[in-house]
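Only one structure is covered here, and it is reproduced in the block below.
Every number in this text was worked out from the coordinates using simple rules, so none of it is lab data. On a predicted model such as this, the values are computed, not experimentally measured, just so you know. Ideal geometry is used to build each Cβ from the backbone, glycine not excepted, and the neighbour counts take in all protein chains shown.
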């Protein structure tokens with residue numbers, strides 16, 4: 001049979017295979033498109049600037065993020081400027097992760113003694129997102145060359161939120177926002193909600209039975225037993241209707257193990273810092 005008379009068949013995938021392609025890529029792409037379509041258009045975001053010298057009036061990086069978030073239709077639930085002090089940073093972050101889906105920090109990611117943002121954030125993260133720091137340093141390398149290695153920008157999940165720690169300079173913040181976060185913040189919020197993170201028990205999720213110790217403590221104090229057990233790890237929240245529509249289920253799997261993270265209180269680290277405009 002000649003090529004001209006050969007009946008048409010399905011498209012060949014040998015080209016993809018030869019080029020190292022993945023035949024399942026179209027389905028993955030479709031799934032990603034579904035997730036983006038279901039992603040919230042309005043994300044609750046908190047912004048924290050860490051600096052010994054900046055104020056809300058002189059905080060160009062923080063003000064840039066506030067303007068970009070509002071222009072994108074997102075809700076800024078908190079904005080604060082704190083010193084390069086581990087206790088001050090952690091106090092703000094503990095509040096922020098309770099009320100925001102995404103927390104953005106600027107400053108304190110360098111190498112000086114007063115740069116303590118990274119150890120504080122690391123102590124709170126339950127699931128790292130290493131790709132954020134990798135992408136940021138890759139993009140920074142194109143702009144500043146080898147000096148990009150001095151930045152320790154990082155990101156990760158903390159309970160029901162995501163924290164992204166960026167350098168303090170305006171150029172660095174623009175790189176992180178425009179090159180990585182701006183077009184993914186909704187998708188990120190969707191993924192957090194879709195997979196579920198340890199957090200407050202939501203309606204529709206049955207709370208675990210109280211442990212005998214919790215019952216005894218309540219009885220000794222002369223108080224009614226709590227509705228949720230303080231000695232039991234928090235439950236995974238239910239999925240939103242949008243996430244459930246994509247996943248085909250209304251709740252996250254409570255049988256999945258939940259990481260609680262170290263959550264250690266950081267002491268004050270370092271005493272002096274000289275601001276480096278590159279970090």
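Each of 118, 94, 102 has some number of other Cβ atoms within 10 Å of its Cβ, and from fewest to most they run 94, 118, 102.
Using a ≥ b ≥ c from the Cα gyration tensor of segment 55-129 (square roots of the eigenvalues), is it rounded, prolate or oblate, where a/c under 1.5 gives rounded and otherwise the larger of a/b and b/c decides, a/b for prolate? Kindly include the intermediate steps, with their values, before the conclusion.
On the way: a/c = 1.86, a/b = 1.28, b/c = 1.45.
Cα axes put segment 55-129 in the oblate bin.
Reported value for segment 96-203: 97 Å³ per residue, from the convex hull of its C-alpha atoms.
Taking the number of other C-beta atoms within 10 Å as the exposure measure, put 79, 141 in order starting with the fewest. Kindly include the intermediate steps, with their values, before the conclusion.
Working: 79 19, 141 13.
Ascending Cβ contact count within 10 Å gives the list 141, 79.
Taking only the C-alpha atoms of segment 62-102, Rg followed by Dmax gives 11.4, 32 Å.
Of the listed peptides 175-186, 39-50, what is their order by residue-averaged count of other C-beta atoms within 10 Å, with the highest listed first?
On the way: 175-186: 18.9, 39-50: 21.5.
Packing order, densest peptide first, comes out as 39-50, 175-186.
Taking square-rooted eigenvalues a ≥ b ≥ c of the alpha carbon gyration tensor, is segment 42-81 rounded, prolate or oblate, where a/c under 1.5 means rounded and, failing that, a/b exceeding b/c means prolate? Taking the square roots of the gyration eigenvalues as a ≥ b ≥ c, segment 42-81 is prolate.
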